[in-house]
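Take a look at the structure set out below.
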Amino acid sequence: MGQFISSRLAGVWDRIDQKLNYYRVFEENLVVLKELSRDLEIQLEELEECSSSCSEEREEWQEKVFALIDEVEDIERSIRKWKVRSVAVYLYGKVVGEKMNEAKELLEEGKYYFPNSFKYLILGGGVAAGYAAREFVKQGVKAGEVGIISEESVAPYERPALSKGYLLPKNAARLPQFHVCVGSGGERLDRSWYEKNGIELILNTKIVKAALESKTLTSEDGTNFKFGTLIIAIGSKGLKLRDFGVKGDEAKNVLCLRDIKDADQIVEAMKAKKNGKAVVVGGGYNGLEVGAALRLNNLSVTMVYPDPWCLPRLFTKEIAEFYERYYTSKGIRIIKETSVINLESDSNKEVKKVKLKNGRELEADIVIVGIGARPATGLFQGQLELNKGGIKTDGLFKTSMNDVYAIGDIACFPMKMYNEMRRVEHVDHARKSAMKAVEGIMGKGKGKVVEEYDYLPYFYSRVFDLSWQFYGDNVGETTVMFGDRNPAAKKPKFGCYWIKDGKVMGIFLEGGSAEENKAIKELAWVQPKVGDVKELKDKGVSFAFELQDIRKRQAA
């Protein structure tokens with residue numbers, strides 16, 4: 001009982017002390033309040049000089065500023081009337097403290113009504129930027145508070161559409177069809193959506209300098225952009241053949257696929273070199289999807305990569321063997337375990353020949369380079385802590401500097417389910433990390449506790465008539481293949497489990513239905529124990545459904 005009474009008395013005293021503090025620091029607060037009032041007057045004048053347009057939000061802010069300035073003058077006049085200072089302190093001590101805090105908030109808000117100044121600034125115009133913008137609107141930002149700086153000329157779009165739809169010969173995807181957020185079944189956010197929600201799209205703008213301490217970004221033309229909170233969403237920069245000492249990659253029709261401008265160049269090249277010869281350099285995600293698209297456009301396609309099989313970061317040898325055989329059946333030639341050493345062009349500076357390290361020479365009308373990418377961290381070297389090639393963040397994507405966040409490919413974040421720092425280069429993570437970062441930023445401002453990011457790695461692809469999905473982690477001492485891996489089958493369907501320490505760590509499935517893909521996703525989250533590997537092979541994807549049934553019974 002005594003402890004309870006002591007605790008209650010301590011709480012009462014804290015509240016009394018807090019109120020008394022207004023009176024202790026009255027003189028100091030009054031001086032600060034007068035200075036803040038003058039600063040607000042100056043801010044109003046500067047805004048009038050540099051910006052004639054006035055939004056509804058700015059008008060509301062100005063009305064609050066005028067009202068506060070008038071109140072400060074009234075307080076000063078009233079205090080002068082009292083000859084006994086202690087009476088003035090008693091009457092206005094708390095009011096002065098409250099108005100001082102209000103003035104500080106108005107000054108801070110006023111910063112973002114200046115041109116090129118934003119409370120929240122997103123650097124980058126890819127998938128992550130679009131999903132971050134949508135989340136900001138969902139969280140209730142005011143018009144004018146959010147800006148997006150992008151090197152591209154269009155609003156953010158779903159990049160997977162470039163290799164999975166844009167290059168197809170029939171029913172090709174075109175904007176505005178695939179602006180974000182249609183890739184996840186959401187609303188399509190074209191330019192009018194950003195205008196309607198008061199988000200400024202600053203397109204065709206390259207940032208060449210980032211001064212994070214002063215919260216300033218500088219563009220190529222010298223324009224300065226100010227921010228309160230910065231979200232870095234610039235992803236990765238594609239590697240070029242010249243980065244590996246290859247000469248000749250500046251020739252015409254030596255192309256890559258990183259953005260819609262690149263996609264347009266590939267489309268034009270396919271038209272100009274109809275039924276011509278294409279060489280795809282690289283056997284990863286990009287190379288496999290672009291190679292398939294080129295073949296569907298009736299080009300003669302040769303793929304070249306240095307690895308013993310395609311997509312080695314994810315595929316096992318057995319999985320890769322299926323796709324390589326399938327590609328071969330579609331007329332694509334594959335040359336493995338060698339690399340490009342030189343590109344030759346004609347008098348028009350158009351590429352004509354690809355020379356390989358193994359001595360072979362390939363005729364080429366088009367060369368598509370897909371040899372990977374590196375996180376674009378150059379602007380932030382020496383300012384932010386890096387890890388595994390990316391920008392190190394916490395579980396809400398805050399970097400080593402307050403008010404600076406990094407999302408998507410460029411972020412190296414703590415992956416909870418595997419208890420290690422990782423980078424993930426995939427659209428699914430770009431979407432989800434963007435939403436989580438904004439949730440964290442806005443939650444912080446509202447004093448809300450936000451749960452840290454908990455992500456299950458997910459990859460997928462669609463080429464020709466094939467479609468696969470992967471969930472989890474492709475690690476472990478054992479892999480268990482199941483199903484029919486015959487490329488000649490009408491609808492090939494097979495998969496693979498990765499087993500580590502007796503638990504399922506990851507699962508791959510080609511040709512799965514929506515229900516099957518949902519089941520393997522749940523299985524990868526649960527990481528169930530596996531007793532009999534042979535039984536797992538025999539059961540195949542049905543093992544995932546059995547797990548679903550068990551969990552449903554347990555929940556009932």
Q: Per residue of the stretch 431-448, in order, report the coupling 6.51 cos²θ - 1.76 cosθ + 1.60 (Karplus, θ = phi - 60°) as ³J(HN,Hα) in whole Hz, putting x for Gly and Pro.
A: 4, 6, 5, 4, 5, 5, 4, 5, 4, x, 4, 6, x, 4, x, 9, x, 9
Q. How much length is gained if the chain between residue 313 and residue 213 is pulled fully straight, taking 0.36 nm per residue apart and subtracting their Cα-Cα distance, in nm to one decimal?
A. 32.2 nm
Q: Distance between Cα centroids, the stretch 457-476 to the stretch 149-167: provide it in whole Å.
A: 21
Q) Put a dot 7 Å past each Cα toward the Cβ at residue 174 and residue 114; how far apart are the dots in nm? A) 4.4
(Q) Calculate the FRET efficiency for residue 57 and residue 489 from the Cβ-Cβ distance with a Förster distance of 56 Å, rounded to the nearest 0.05. (A) 0.40
Q | Residues whose placed amide H lies under 5 Å from that of residue 341, excluding near-sequence neighbours | A | 355, 356, 357
Q: Could you tell me what percent of the accessible area of the chain is made up of carbon and sulfur, with a 1.4 Å probe and every protein chain present?
A: 48
Q.
As an exercise, use a Förster radius of 41 Å and the Cβ-Cβ distance of residue 240 and residue 328 to find the FRET efficiency, rounded to the nearest 0.05.
A. 0.90
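Find out how many positive minus negative residues lie around residue 543, taking Lys and Arg as positive, Asp and Glu as negative, among other residues whose Cβ is under 10 Å from that of residue 543. Each step should come with its number before you reach the end.
Values: positive: 537, 539; negative: 535, 538, 546.
Here the count lands on -1.
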Q) Residue separation times 0.36 nm, minus the C-alpha to C-alpha distance between residue 347 and residue 501: what's the value? A) 49.4 nm
Q) Given the pairs 164/388; 138/237; 416/503; 336/491, which span a C-alpha to C-alpha distance of over 22 angstrom in this model? A) 164/388; 138/237; 336/491
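Which length gain, in nm to one decimal place, applies between residue 417 and residue 450 when the Cα-Cα distance is subtracted from 0.36 nm times their residue separation?
Numbers: separation 33, 0.36 × 33 = 11.88 nm, distance 1.76 nm.
That pair, residue 417 and residue 450, stretches by 10.1 nm at full extension.
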**Q.** Debye equation applied to the C-alpha atoms of the chain, log10 I(q)/I(0) at 0.09, 0.12 Å⁻¹
**A.** -0.81, -1.22
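Cα-Cα over 21 Å: which of 119/398; 317/432; 261/398; 240/353; 500/521? Working shown, then result.
On the way: 119/398 16 Å; 317/432 31 Å; 261/398 31 Å; 240/353 17 Å; 500/521 17 Å.
From the list (119/398; 317/432; 261/398; 240/353; 500/521), the Cα-Cα distance tops 21 Å for 317/432; 261/398.
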Q: Return the distance in nm (one decimal) between the two label points of a simple spin-label model at residue 533 and residue 321, each offset 7 Å from Cα along Cα→Cβ.
A: 1.6
(Q) Kirkwood Rh over alpha-carbon pairs of the stretch 465-555, then Stokes-Einstein at 25 °C and 0.890 mPa s: what D in µm² s⁻¹, rounded to an integer? (A) 186
Q: Quick one: which residues, 5 or more positions from residue 422 or on another chain, have an amide H under 5 Å from its amide H? H modelled 1.01 Å from N in the peptide plane, none for Pro or chain starts.
A: 413, 415
Q. Of the chain, which part is the longest with no GluC sites (Glu not before Pro) in a loop (DSSP not H, G, I, E, B) and with at most 14 other C-beta atoms within 10 angstrom?
A. 1-186
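The values are calculated or read from the model by the stated rules, or taken from the named source; none is laboratory data. Only a predicted model underlies this, so the values are computations on that prediction, with no experimental measurement involved. Please note: Cβ atoms are built from the backbone with ideal geometry, for glycine as well, and neighbour counts cover all protein chains shown. Surface accessibility is based on the protein's heavy atoms, side chains included, excluding ligands, DNA and RNA. Shrake-Rupley method; radii C 1.70, N 1.55, O 1.52, S 1.80 Å.
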